[in-house]
Amino acid sequence: MADTVFSGRFYYHGKFEDLAVGVTDGVITEIGKDTKGDVKIVLPHAVLPAGTDIHVHFRDPGETQKEDFRSGSTSALFGGTTTVIDMPNNIPPVTDYERFENKLDSVTSRAYCDFGLYSLFNGSNQDVLDKRSFGLKIYLGGSTNALPVGELNEHARVFLKEYGKPVIFHAEDGKCLDRHSMVETSCRDHNLSRPVECERTAVSDAVSFGVKRGIIAHLSAPMEVEAGYDVEVTPHHLLLNDSKVENSWGKVNPPLRDSRSQEELLGNYIAGKYRILSSDHAPHTEEDKSGFAHAASGIIGVETRVPLFLALVRRKIVGLDTLLSSSSTFPNALFGIRKGLIEKGYSADFMCVDFSNEIRINQDRLHSRTPVTPFHGFGAVFPSHVVIGGNIAIDGYELIEERFGKFINAGD
Ligand code: DOR
Ligand code: ZN
């Protein structure tokens, strides 16, 4: 007999079926029509695996005026995401085990969703990296709080080749960026000052490192990427372009591209060419974003990533399997997290979705510390209920105040 039985219309093996899913200690133990359990919970709409976002910047510790783990992780839950992996470009950057420990200490008591952490590779810190990290982030060119690696020496190259966990590349080539630098007043200028050419150069550089498990972060335009590397795309590069957004809230690295590139990128995503959909949630304050030329780069997205695409599923523009695979099943599998499928042995992380309830995103109702978003007014389908490890965290579109988030240790 299970602890809890969730009954509802589950998306199971590629179709919707009325099921009773038994959960014990947060893990799915039984799937059937008539599963018995101590507690019974009815989920009223379509039940899907919850999302996992492998690319967020929650700014905690160091810049909690922009976001902290509480605001970031509750935003994630409202958007149907129960697991995030947080980037290491904090102040100070997470480059060694002391800083990793310090960050873990700071964020654990504020985590409402499950989380893992990355470390930043700066070209020479291979001996002091924390083993609990989910992988490494490398900046090949400058960006917010980045420590771009520049020319890597032989020692660093050998280390990267042998490193067994994922290595996530921010692919914009530093020298190329320097050559194109200019005073910018619009998203169009930002695109010109960090052109696709710089991204293409960095992608081939990243591929030349020959790491075992490479991921090209936030591909912003269609380009060839060596088959051995996985490609991540974001909602902003798929749905926005440099003429659709005028102000600095659309300033992001790599930049929004022109509409032709954007449409082609979206077409490729719809065709299943990119296997990871992440938000690259990168919050900044109103002050950081004032005056285009000096505005910080980054767009929030952890709360809107899945809802935007559920609306596209509803409109039959994106396939449900494509969305679930790229926003949950595949990234979970890639990082060895037992989530993202409704199967025995997987964590009971679900979102319950009323597809008939498409609304317009209202930035005043998002939960980030500065919720301004270029997606304001876009159609979205938010989950009515979110279950994390067998616990209801969002109930009828409202947050349950109890905190269920746990650290996922990626150590061996
Ligand atoms: O636009 C960006 N913002 N790109 C990055 O690489 C970093 C991010 C941030 O942390 O703000
Ligand atoms: Zn990022």
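The values are calculated or read from the model by the stated rules, or taken from the named source; none is laboratory data. Since the model is a prediction, treat every value here as computed from it, not as a measurement. Reconstructed Cβ throughout: ideal geometry from the backbone, glycine too, with neighbour counts over all protein chains shown. Just the protein is used for accessible areas: all its heavy atoms, side chains included, with ligands, DNA and RNA removed. Shrake-Rupley method; radii C 1.70, N 1.55, O 1.52, S 1.80 Å.
Taking the accessible area of region 1-69, probe 1.4 Å, and keeping the other protein chains in place, the carbon and sulfur fraction comes to 52%.
What FRET efficiency comes out for the pair residue 227/residue 321, r = Cβ-Cβ distance, R0 = 22 Å, nearest 0.05?
The calculated FRET efficiency here is 0.55.
Applying a 4.7 Å cutoff between beta carbons, the unpaired cysteines of the chain are 113, 187, 352. In the context of the full set of protein chains, the chain has a per residue accessible area of 39 Å² (1.4 Å probe). Surface composition of region 71-161: carbon plus sulfur atoms hold 49% of the accessible area, using a 1.4 angstrom probe and ignoring ligands, DNA and RNA.
Summary of packing: across the peptides 139-149, 199-209, 54-64, 274-284, the per-residue average of other C-beta atoms within 10 Å ranks them, highest first, as 274-284, 54-64, 139-149, 199-209.
Arrange the residues 151, 246 by how much accessible surface each exposes, largest first, with a 1.4 angstrom probe. Walk me through the numbers before you get to the answer.
Working: 151 150, 246 130 Å².
Sorted descending by solvent-accessible area, the residues read 151, 246.
Leaving out ligands, DNA and RNA, what percent of the accessible area of region 320-396 is carbon and sulfur, probe 1.4 Å? Exposed carbon and sulfur together represent 46 percent of the surface. Here the spin labels are modelled as points 7 Å beyond Cα on the Cα-Cβ line, and at residue 157 and residue 357 they lie 5.5 nm apart. Taking the Cα centre of the chain as origin and assigning +1 to Lys and Arg Cβ atoms and -1 to Asp and Glu Cβ atoms, the resulting dipole is close to 660 debye. Under the definition of Cα pairs under 8 Å and six or more residues apart, what whole-number percent is the relative contact order of region 128-213? Value for region 128-213: 33 percent. Within region 343-412, the chymotrypsin sites (Phe, Trp or Tyr not before Pro) that combine a DSSP coil assignment with at most 14 other C-beta atoms in a 10 angstrom radius are 355, 397.
With the simple spin-label model, which puts each label point 7 Å out from Cα in the Cβ direction, the residue 344 to residue 285 separation comes to 5.4 nm. For region 193-348, relative contact order (Cα pairs under 8 Å, six or more residues apart, normalised by length) works out to 18 percent.
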